[in-house]
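See below for the structure under consideration.
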């Protein structure tokens with residue numbers, strides 16, 4: 001639900017695509033469908049929407065880079081520390097004293 005940026009009322013009605021009218025004070029505004037930020041003019045909303053696209057593009061690029069880095073990294077298989085290979089080590093036999 002979108003609240004009015006002027007009076008803070010939650011009683012708003014959608015009157016067009018991303019356009020709202022406050023039923024309390026009569027203020028008409030455009031609201032971002034992603035974050036709900038309000039603007040007086042449609043060109044302001046359009047500029048704001050471009051910022052969401054830039055963030056989405058950069059986050060998609062970061063995801064692609066992470067996938068490539070993980071693909072290049074050697075696979076981690078088995079336990080972190082492995083037991084030494086070869087026969088078990090025993091204490092030397094000697095006189096007990």
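Between residue 49 and residue 11, the modelled label-to-label distance comes to 3.0 nm, taking each label 7 Å out from Cα in the direction of the beta carbon.
Quick one: length gained pulling residue 28 to residue 1 fully straight, 0.36 nm per residue minus the C-alpha distance? Contour length minus Cα-Cα distance gives 8.2 nm. Estimated at 0.36 nm per residue, the fully extended path between residue 18 and residue 41 surpasses their Cα-Cα distance by 7.2 nm.
None of the figures in this text is laboratory data; all of them are computed from the coordinates on show. As the structure is a prediction and not an experimental result, all values here were calculated from the model. Neighbour counts run over all protein chains shown; Cβ positions are idealised from the backbone, glycine included.
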